[in-house]
Amino acid sequence: MEKLYDLYLKHPQICTDTRNIIPDTLFFCLKGEHFDGNQFAAAALEQGAAYVITENTALAGNPHCIVVPDSLQTLQQLAAYHRQQLKIPVIGITGTNGKTTTKELVAAVLSRAFRTAYTKGNLNNHIGVPLTLLSITDSDEIAIVEMGANHPGEIEFLCNIARPGFGLVTNVGKAHIEGFGSEAEIVHTKKALYRSVMRDNGTLFVNINDSKLRDGLNYDKVIFYAQGGEENILGMSPYLHIRVAGREVDTHLTGSYNIYNFLAAAAVGHHFGVPDEQIAEALSQYTPSNHRSQINEIGTNTVISDYYNANPTSMEAALRNLSKLDHPHKIAILGDMRELGPISQEEHRRIIHLCEELGIDALYVGPEFCAQKAEHCYPDVHALNQVLAENPITGAMVLVKGSNSIHLDKLSSILS
């Protein structure tokens, strides 16, 4: 590993995709269910990679090829080794909902005072976390590592690589039940971040209003945040107007649930000495991307794009938020929630009933919703587009939310 690390120090950029090759990089040939990066080792060298880490033994004689038993495991080991050399604070963030938004907000705040490295996009899995760690350079003063999970033990595994000295779990809800088996297992898996930080005598940031995260936490290095909870919301029109860091802040995010993400970012900023004025300014200037609580005026409609992902907890929160917003004509376009396993039928049925209870007109997309015989349900986005082309939605506030695999981004009748 020392020899590979020496090569990494000379060629500190990592690449895993020949479509985005970076000259003078280390190229790791990763394998997946439908691809094998080892087939592209030669192409990577031709495109300028300095060295290729591959499992292809036929390349053992090439001085620019490092043959290993498992390329992914080698990437993870290299990342863990690099982490051991780092002397800067590393903050781990996980949770069922809001972890990417919270990570972005924390990064915005800390960047006011530090050179901050952080997870780009949602590269938060067994590949993304190593890539994030290996992107941290000597010039960085603090790092934020987002960690996601869809099966038991995954957060513990990622923590063993990232070794965060600070930990924040946004919340725990119903998601990936198919992989976890139960909500109790989700709680246990997410709290692995707490256990890892506590093992290293680090510091935890904990939402004081969340009993799942607060109760039973016997540890003295805890910073509780979110005192007052949603009382810190001063208005929604539809953007959140909040009280944070002792100031009133106009934000570019909608959703009352996002107040906890803002308060988490402020708590982290306070701990690391970012002035209140800078915290407030960073939060006011943050603009969401990747279809997470984004608001756009499209034609005559106000569209809340929140369709990067969905689970029962986030779906309910988005619908309840929509019900609170002041608009005469509100519509929800909801796509199936995936990976729910045995609770899928029950949860899709519950969302339909919730729309009825809240008085929200809804259009449903996907086989899971259709299986509940919901009114105004369509098998896919193409079918809904055809209907809306003849009966367009106008003058409405439209919430668009569903799992990414439902492809609500192709809802051309609303989003363009």
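The values are calculated or read from the model by the stated rules, or taken from the named source; none is laboratory data. None of these values were measured; they are calculated from a predicted model. When we count neighbours, we look across all protein chains shown, and the Cβ atoms used for this are built from the backbone with ideal geometry, even at glycine. In case anyone asks, the SASA skips ligands and DNA or RNA and just uses the protein heavy atoms, side chains included. Shrake-Rupley method; radii C 1.70, N 1.55, O 1.52, S 1.80 Å.
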### Dipole magnitude of the range 303-399 about its Cα centre (Cβ charges: Lys, Arg +1; Asp, Glu -1), debye to nearest 20
120
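Step through the table entries Lys99/Lys212; Lys31/Lys190; Lys99/Lys191; Lys190/Lys324; Lys174/Lys324, compare each Cα-Cα distance with 25 Å, and write down the pairs that go over it.
On the way: Lys99/Lys212 16 Å; Lys31/Lys190 27 Å; Lys99/Lys191 14 Å; Lys190/Lys324 30 Å; Lys174/Lys324 23 Å.
Too far apart for the 25 Å limit: Lys31/Lys190; Lys190/Lys324.
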### Query
Cross-link partners among aspartates and glutamates for Lys410, C-alpha distance below 15 Å, same-chain residues fewer than 8 apart left out?
Asp306, Asp336, Asp380
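Among residues other than Ile144 whose Cβ falls under 10 Å from its Cβ, what is the net charge (Lys/Arg +1, Asp/Glu -1)?
Net local charge, Ile144 excluded: -1.
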### the chain, accessible area per residue, ligands and nucleic acids excluded (1.4 Å, Å²)
44
### Message
If you take every residue apart from Leu354 with its C-beta less than 12 Å away from the C-beta of Leu354, what net charge results, scoring Lys and Arg +1 and Asp and Glu -1?
### Response
-1
### Query
Compactness ratio of the range 1-69: Cα Rg over 2.2 N^0.38 Å, N = residue count?
1.01
### Query
Amide H to amide H, which residues 5 or more places from Ala332 or on other chains are under 5 Å from it, using H placed in the peptide plane?
Asp361, Ala362, Leu363, Leu399
### Task
Round to a whole angstrom and tell me the spacing of the C-alpha centers of the range 120-179 and the range 356-403.
34
### Query
Can you work out ³J(HN,Hα) from phi for every residue in the range 66-75, in order, using Karplus 6.51 cos²θ - 1.76 cosθ + 1.60 and θ = phi - 60°, giving whole Hz and x for Gly and Pro?
10, 8, 10, x, 8, 5, 5, 4, 5, 4
### Summary
Of the convex hull drawn through the C-alpha atoms of the range 1-154, the volume per residue in Å³ is 126
### Query
Leaving out ligands, DNA and RNA, what percent of the accessible area of the chain is carbon and sulfur, probe 1.4 Å?
48
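What does the highest-first list of 251-260, 113-122 look like by mean Cβ count within 10 Å?
Working: 251-260: 22.3, 113-122: 17.7.
Result, highest mean first: 251-260, 113-122.
Between Gln285 and Ser182, what FRET efficiency follows from the Cβ-Cβ distance if R0 is 45 Å, with the result rounded to 0.05? Numbers along the way, then the final one.
Values: r = 40 Å, r/R0 = 0.90.
So the FRET efficiency works out to roughly 0.65.
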### Task
Go ahead and run the numbers for FRET between Asp70 and Asp326, Cβ-Cβ distance against an R0 of 51 Å, rounding to 0.05.
0.40
### Summary
Once Lys221 and Asn122 are pulled to full extension, the length gained, defined as 0.36 nm per residue separation minus their Cα-Cα distance, is 32.8 nm
### Query
Hey, got a sec? Which GluC sites (Glu not before Pro) in the range 22-130 land in a DSSP loop and have at most 10 other Cβ atoms within 10 Å?
Glu33
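Relative contact order for the chain using alpha-carbon pairs under 8 Å, separation at least 6, rounded to a whole percent? Present the calculation step by step, with values, prior to reporting the outcome.
On the way: 849 pairs, mean separation 47.6, N = 416.
Computed over the chain, the figure is 11 percent.
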### Task
Could you calculate the FRET efficiency of Asn160 with His376 from 1/(1 + (r/R0)^6), where r is the beta carbon distance between them and R0 is 41 Å, rounded to 0.05?
0.30
#### Entry: Net charge, Asn125 excluded, C-beta distance under 11 Å - Lys, Arg +1, Asp, Glu -1
-2
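Would you kindly calculate the translational diffusion coefficient of the chain, applying Stokes-Einstein with the Kirkwood radius from alpha carbon pairs, for 4 °C and a viscosity of 1.567 mPa s, and quote it in µm² s⁻¹ without decimals? Please list the in-between numbers first.
Working: Rh = 22.9 Å.
For the chosen part, D equals 57 µm²/s.
Suppose the chain between Asp409 and Thr57 were pulled fully straight at 0.36 nm per residue; how much longer would it get relative to their current alpha carbon spacing? Don't jump to the answer; show the numbers that get you there.
On the way: separation 352, 0.36 × 352 = 126.72 nm, distance 4.22 nm.
Computed gain between Asp409 and Thr57 is 122.5 nm.
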